[in-house]
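Please read the structure below before turning to the comments.
The values are calculated or read from the model by the stated rules, or taken from the named source; none is laboratory data. The shown structure was predicted, so the numbers you read here are calculated from the model rather than taken from an experiment. A quick note on method: Cβ atoms are made from the backbone with ideal geometry, for glycine too, and the neighbour counts reach across all protein chains shown. The accessibility values were calculated without ligands, DNA or RNA, using every heavy atom of the protein model including side chains. Shrake-Rupley method; radii C 1.70, N 1.55, O 1.52, S 1.80 Å.
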Amino acid sequence: MTSDRRAVWSALKGWLAAILVIAGWAVAGAPAGAASFQPLEIVTKNGVQVFSVEMATTPEEKETGLMYRKELADGKGMLFDFNPEQEISMWMKNTYVSLDMIFIRADGRILRIAENTEPLSTKIISSRGPARAVLEVVAGTAQKYGIRPGDRVGHPLFGGK
């Protein structure tokens with residue numbers, strides 16, 4: 001290899017290493033499940049509300065949830081899949097943002113809504129009955145959009161959209 005080729009090859013290896021380090025930082029800083037955003041609709045008496053939700057399906061994603069996040073935008077959320085339908089218990093440990101927790105039955109109907117949860121609390125928040133999933137959205141969302149128990153959620157998890 002000539003000295004010119006060696007110099008070019010050395011420079012390319014340096015750039016490639018720098019790109020890999022930067023890409024590693026970007027991936028490490030991304031929230032868990034961020035690549036898995038899906039649309040979710042809730043049909044209320046006031047109309048259809050559309051959300052963009054991250055999916056929490058693995059044990060690690062369910063355990064971490066929205067912990068350590070400092071904000072959650074209106075219209076965004078996280079959907080936890082607890083298939084099969086079961087009694088679900090959640091908490092707000094290490095969660096800085098107050099949430100509305102919407103417990104959803106396997107048929108896509110809302111079972112219960114725990115509104116304005118207390119940040120950083122280890123108090124157990126129960127579904128109070130069998131549920132398939134929990135949708136976490138920023139506190140005040142249920143009141144703002146008129147979301148109530150019995151409303152229908154449209155998402156593939158429930159056999160819908």
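Quick one: Cα centre-to-centre distance for segment 95-161 and segment 42-60, in angstrom? Computed from Cα coordinates, the inter-centre distance equals 9 Å.
Give me log10 I(q)/I(0) at q = 0.17, 0.21, 0.27 Å⁻¹ for segment 79-161, Debye formula, one equal scatterer per alpha-carbon, no solvent. Per q value, in the given order, log10 I(q)/I(0) is -0.62, -0.93, -1.35. Hydrodynamic analysis of segment 72-127 uses the Kirkwood radius over alpha carbon pairs. Inserted into Stokes-Einstein at 25 °C and 0.890 mPa s, it gives a translational diffusion coefficient of 202 µm²/s.
Give the cross-link partners of LYS144 among the aspartates and glutamates, using a straight C-alpha distance below 17 Å as the criterion and excluding same-chain residues fewer than 8 apart. Counting by Cα, and skipping residues close in sequence, LYS144 has these aspartates and glutamates nearby: GLU41, ASP74, ASP100, GLU115, GLU136. A simple count of charges around ALA56, restricted to other residues whose Cβ falls under 14 Å of its Cβ and scoring Lys, Arg +1 and Asp, Glu -1, yields -2. Count Lys and Arg as plus one, Asp and Glu as minus one, and take only other residues whose Cβ is under 14 Å from that of GLU87; the net charge is then +3.
Shown in residue order for segment 145-158 are the 3J(HN,Hα) couplings computed by the Karplus curve 6.51 cos²θ - 1.76 cosθ + 1.60 at θ = phi - 60°: 9, x, 7, 9, x, x, 5, 9, 9, x, 6, x, 4, 10 Hz (x for Gly and Pro).
Ordering ARG109, ARG132, ARG152 by accessible surface, largest first, gives ARG152, ARG109, ARG132; the 1.4 Å probe counts only protein heavy atoms, with every chain in place. When all alpha carbon pairs of segment 33-129 are counted in 5 Å bins from zero, the resulting P(r) reads 2, 12, 22, 28, 23, 11, 2, 0 %. Calculate what fraction, in whole %, of the accessible area of segment 95-155 sits on carbon and sulfur atoms when a 1.4 Å probe is rolled over the protein chains. With neighbouring chains kept in place, the figure for segment 95-155 is 48 percent.
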